[in-house]
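Accompanying notes for the structure given below.
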Amino acid sequence: MTKLREGGPFSIIFAFFLGLLLTAFIGVGVNTFHPSPAEPLERQMRALGSEERQLEGGRPAAALSADEQAQMRSIRDSVEVLSRRAEQVSEGWARSTSLILIAFATLAMAVAVLRADQLSTLSNGLLLGGVFTMLYGVGLILATGTSMARFIAITLALVVTLGIGYLRFVRRRGGGLPVERPMAEAAVLNGLEARVQAIEAQLEGIRKALIARD
C-alpha cells in the first residue's frame, strides 16, 4: 500500500481539493445565512411577467382593449420599479457579502500561517481555500459594486494578502529558522540523480563493449 509522504503528489492533490472544498463551504454557508434580499423582488418580477404574457395572449398591442393596455402599462411600470429596487439592494448585499468572504478568507489564511509547521498539508489547503475565497469576494464586488466599494474591497484584499505573505514567507525566514528543502523537491532531485547514474552506467557499458570489440 502506497505511503503518503508530506509534500508528495497525493499531499498536493489533497491540499488543492481541501482549498476548493473550503471555498465552496464558505460560499454556500454565506449564501445560506446571508441570502440576497433581491430574490423576493425577482420572484415578484417573474410573476408580473407571467401576468403580462397571459394578458397579452400572443396578440399584438393594437388588438388589446384600452383597459388591457392600461393594465399592461401598470404591470410594466411595476416591473421597472422592482428592477431598480432589486439593483439597489443587490449592490448593498454584494458589498456586505464581499466583506464577509474577505473576513473568512483572512481567518483561513491566518490559521494556515500559524499552523504551518505543525500541519503542513492542512495549512496549504487552508491557505489555498483562503486565496480562492478572497478571489470570490473580490470578484463579487467587482461584478456588482460601485467604484468606491470596489476600491475598498481590493485594498482590504491587498493588505491581507501582503500581511499573510510577509508572515508566511519573509518573517519565518528572517527569524533565523532553518529553511529545509521541501520533501517534493528532495524526491525530484533524488530521482534525477538516479537517472543520471543509470545513464552513466549505460555509457560505461557501451564504452567497455567498444573497447572489447577493438
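The values are calculated or read from the model by the stated rules, or taken from the named source; none is laboratory data. Bear in mind the structure is a predicted one, so any value in this text is a computation, not a measurement. When we count neighbours, we look across all protein chains shown, and the Cβ atoms used for this are built from the backbone with ideal geometry, even at glycine.
I need the full set of residues from the stretch 47-91 which are within 30 Å of Ser36 (Cβ to Cβ) and hydroxyl-bearing (Ser, Thr, Tyr), in order please.
Matches in the stretch 47-91: Ser50, Ser74, Ser78, Ser83, Ser90.
In the same structural domain as Gly130 (by TED's automatic domain parsing) and free of Cβ contacts under 8 Å to residues at least 12 places away in the same chain: is that true of Ser83 in this structure?
no
Does Gln71 satisfy the condition of being assigned to a helix (DSSP H, G or I), within 43 Å of the chain's Cα centre (by Cα) and in the same structural domain as Leu21 (by TED's automatic domain parsing)?
For Gln71, the condition - assigned to a helix (DSSP H, G or I), within 43 Å of the chain's Cα centre (by Cα) and in the same structural domain as Leu21 (by TED's automatic domain parsing) - is not met.
Say whether the condition of being over 19 Å from the mean Cα position of the chain (by Cα), modelled with pLDDT of 65 or more and on the phi < 0 side of the Ramachandran plot is met by at least one residue in the stretch 96-113.
Scanning the stretch 96-113 turns up no residue that is over 19 Å from the mean Cα position of the chain (by Cα), modelled with pLDDT of 65 or more and on the phi < 0 side of the Ramachandran plot.
Please state which of the following conditions Glu68 fails to meet, knowing it meets all the rest: (1) within 24 Å of Met134 (Cβ to Cβ); (2) without any contact (Cβ under 8 Å) to a residue 24 or more places away in the chain.
Single failed check for Glu68: (1).
From the list Gln44, Gln54, exactly one residue is touching a helix residue (DSSP H, G or I) at 6+ places or on another chain (Cβ under 6 Å), over 30 Å from Leu126 (Cα atoms), part of a helix (DSSP H, G or I) and modelled with pLDDT of 80 or more. Which is it?
Gln44
Condition first: surrounded by 15 or more Cβ atoms within 10 Å (Cβ to Cβ) and not hydrophobic (A, V, I, L, M, F, W, C). Now tell me which residues in the stretch 22-43 satisfy that.
Once the filter is applied, which keeps residues that are surrounded by 15 or more Cβ atoms within 10 Å (Cβ to Cβ) and not hydrophobic (A, V, I, L, M, F, W, C), the stretch 22-43 yields Thr23, Gly27, Ser36.
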